[in-house]
Amino acid sequence: QGNLEAQKRAAAQQGNLEAQRREEAKLAEARRAEANRTTGVGKGVDPKANHPKVKLRGLPYGSTVADVLNFFRGFGVIDGSVTFGVNSEGRPSGEAWVSFTRLEDARRAVREKDRHHMGDRYVELF
C-alpha cells in the first residue's frame, strides 16, 4: 500500500511538472510576441509613405524583429517596419513584411536572399 501511495504522489508531481512546463511555454510565447509587437511595428515608419515592401514566408515561428533585421543587414530595411503575420489563433504564421528605403534595395534583397536559411528553415521572399 505504501508503494502505491508513493506511485500516486510521483504521478501527481509529474503531472504538475508537465502543466508547469506548458504554462512556462505559453508565457515565453506571449513575451516573444509582445517584444515583436512593441519593437517592430509602427515605430519610425510613416504609414502614408509608399515604401517598397517584401513579404517573407517560411520564417521559424520563434523569429524576432532582430532575426529579420540581421537577415537583411546591409539591405536598407527601414527601422520599425518589420510586421509579423499571425494565424486565427494569434500565433505566428511564419510570414512577415518588411519595408525598404529604396525599390532597388528591396529587389536586391529578393534576388540575393530568396530561399536563404534563417535558423533551420529556408525563407521565401516575394
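Work through the residues other than Arg121 whose Cβ is under 15 Å from its Cβ and net out their charges, Lys, Arg +1 and Asp, Glu -1.
That works out to -2.
Express in nm, to one decimal, how much length is gained between Ala49 and Asn87 on full extension, taking 0.36 nm for each residue of separation and deducting their alpha carbon distance.
Numbers: separation 38, 0.36 × 38 = 13.68 nm, distance 2.67 nm.
Contour length minus Cα-Cα distance gives 11.0 nm.
By the scheme Lys and Arg +1, Asp and Glu -1, what is the net charge of all other residues having a beta-carbon under 11 Å from that of Gly85?
+2
Would you list His51, His116 from the most to the least accessible area, probe 1.4 Å?
Listed by decreasing accessible area, they come as His116, His51.
The values are calculated or read from the model by the stated rules, or taken from the named source; none is laboratory data. Here the structure is a predicted model, which is why all the values come from computation and not from measurement. Heads up, the Cβs are rebuilt from the backbone with ideal geometry, glycines too, and the neighbour counts pull from every protein chain shown. Note: areas computed on protein heavy atoms with side chains; ligands, DNA, RNA excluded. Shrake-Rupley method; radii C 1.70, N 1.55, O 1.52, S 1.80 Å.
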